[in-house]
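Okay, so here's the structure we're looking at.
The values are calculated or read from the model by the stated rules, or taken from the named source; none is laboratory data. What you see is a predicted model, and the numbers here were worked out from it, not measured in a lab. Here the Cβ positions follow ideal geometry from the backbone for every residue, glycine too, while neighbour counts run over all protein chains shown.
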Amino acid sequence: MRIAGPKDFQAHFGVSDETIERLKIYEGLLRQWQKKINLVAPSTLDEVWHRHFADSAQLLALAPQGAKTWLDLGSGAGFPGLVLAIMRAGEVPESEFGSHTLMESDTRKAAFLGEIARKASVPVDIVAKRIELSSTQGRYKSVDVVTARALAPLDRLIGLAKPFFGSHTVGLFPKGRDVVQEIEAAEQNWCFTCKLADSLTESQARIAVVSDPKVKSEG
C-alpha cells in the first residue's frame, strides 16, 4: 500500500470528508511547527500521509470492537494516538467515542498536540507528565487500548504500559524488523500474549498486539 495524499488515504480507509479535513489541518500545523521544534524526521515530512497518518490509522482495525478508552504513551507529534482520535471522532457516534488520552512529557510537544486538538476540534486529554509517575498511573488504570510508537524496546515498553492494563486491555505497538528479537528479550522478564500483524505501510515492519502482561515471577 502506498498513500500519496488525502485521496489515497480516503480511498483506502473509507473515512469521511470531515476526517480528511482534520488531517489536512494536522499536516499544515505539523509543517509549521517542524520549523521550530523537531517533531518528525525531516526526511519523512513529505510522506506524512503514508509514513505517519496511514501508519497510525492502520491500528484502528486491530483494536477490540467497542473499545472506548484509549491511551497513547509518549505521543510525541501525535502518532499514532492523535491520528486514531481523529479517525474515531469522524467515524463513530459521539456516544460511542469514549476518551482518548495522550501522554507526552515534553511540554513543547504537548503544546503542539493541544493546538492540533483545538484547531481540528478533536476531544483528547493531553497529559504533560512522565508515564512512570505513580500519580499518572493511578489516574488512568485499566483502559481498553494502549498504543505507543517508537517509544522503547518491547521489554521496557511493557513495563511502562503494564500499570494501564486490565484483563481486557490490548496493547498495539508498531515495531520494525527486529520485533522477534524484541519479543524474545521481553520474554526474559515478562509473561504475555503477543500476536504479530503485518504493517500496511512498511514491508518489514510488524504490529505487536499484546495482552495480559505479567512479571515473570507472577506466573
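When the range 128-172 is limited to residues that are at negative phi and hydroxyl-bearing (Ser, Thr, Tyr), the one that is nearest to the chain's Cα centre (by Cα) turns out to be 147. Restricting 67, 57 to those that are under 27 Å from residue 41 (Cα atoms), of a type in the set (Gly, Ala, Ser) and modelled with pLDDT of 95 or more reduces the list to 57. Scanning the range 186-219 for residues that are closer than 24 Å to residue 56 by Cβ, surrounded by fewer than 17 Cβ atoms within 10 Å (Cβ to Cβ), touching a residue at least 40 places away in the same chain (Cβ under 8 Å) and not small (Gly, Ala, Ser) returns a single hit, 202. Answer yes or no as to whether residue 121 is modelled with pLDDT under 95 and over 23 Å from residue 197 (Cβ atoms). Against the criterion (modelled with pLDDT under 95 and over 23 Å from residue 197 (Cβ atoms)), residue 121 does not qualify. Scanning the range 7-20 for residues that are over 20 Å from the mean Cα position of the chain (by Cα), over 14 Å from residue 55 (Cα atoms) and without any contact (Cβ under 8 Å) to a residue 60 or more places away in the chain returns 7, 11, 17. Here residue 210 meets the list (1) hydrophobic (A, V, I, L, M, F, W, C); (2) in contact with a helix residue (DSSP H, G or I) (Cβ under 6 Å, 6 or more places away or on another chain); (3) modelled with pLDDT of 95 or more almost entirely, failing just condition (2). Collect the residues in the range 43-65 that are of a type in the set (Gly, Ala, Ser) and either surrounded by 18 or more Cβ atoms within 10 Å (Cβ to Cβ) or in contact with a Pro (Cβ under 7 Å, 6 or more places away or on another chain) (or both), keeping them in residue-number order. Hits for the range 43-65 are 54, 56, 57. Taking every residue in the range 129-142 that is among the hydrophobic types (A, V, I, L, M, F, W, C) and pairing it with any residue that is assigned to a helix (DSSP H, G or I), at least 6 positions away or on another chain, the pairs with Cβ-Cβ distances below 6 Å are 131/160. Taken as a whole, the structure places residue 40 among residues that are surrounded by 14 or more Cβ atoms within 10 Å (Cβ to Cβ), of a type in the set (A, V, I, L, M) and out of contact with any His (no Cβ under 6 Å at 6 or more places or on another chain).
Among all residues of the range 154-164, there is none that is out of contact with any His (no Cβ under 8 Å at 6 or more places or on another chain), of a type in the set (Phe, Trp, Tyr) and in a strand (DSSP E or B). Criterion applied to 158, 116 was being touching a residue at least 12 places away in the same chain (Cβ under 8 Å), under 25 Å from residue 52 (Cα atoms) and either basic (Lys, Arg) or touching a Leu at 6+ places or on another chain (Cβ under 8 Å) (or both), and the one residue passing it is 116.
For the range 1-59, name all the residues that are small (Gly, Ala, Ser) and closer than 19 Å to residue 124 by Cβ. Result: 16, 28, 56, 57. If residue 197 passes every condition in (1) within 19 Å of residue 70 (Cα to Cα); (2) assigned to a strand (DSSP E or B); (3) aliphatic (A, V, I, L, M) but one, which one does it miss? All conditions are met except number (1).
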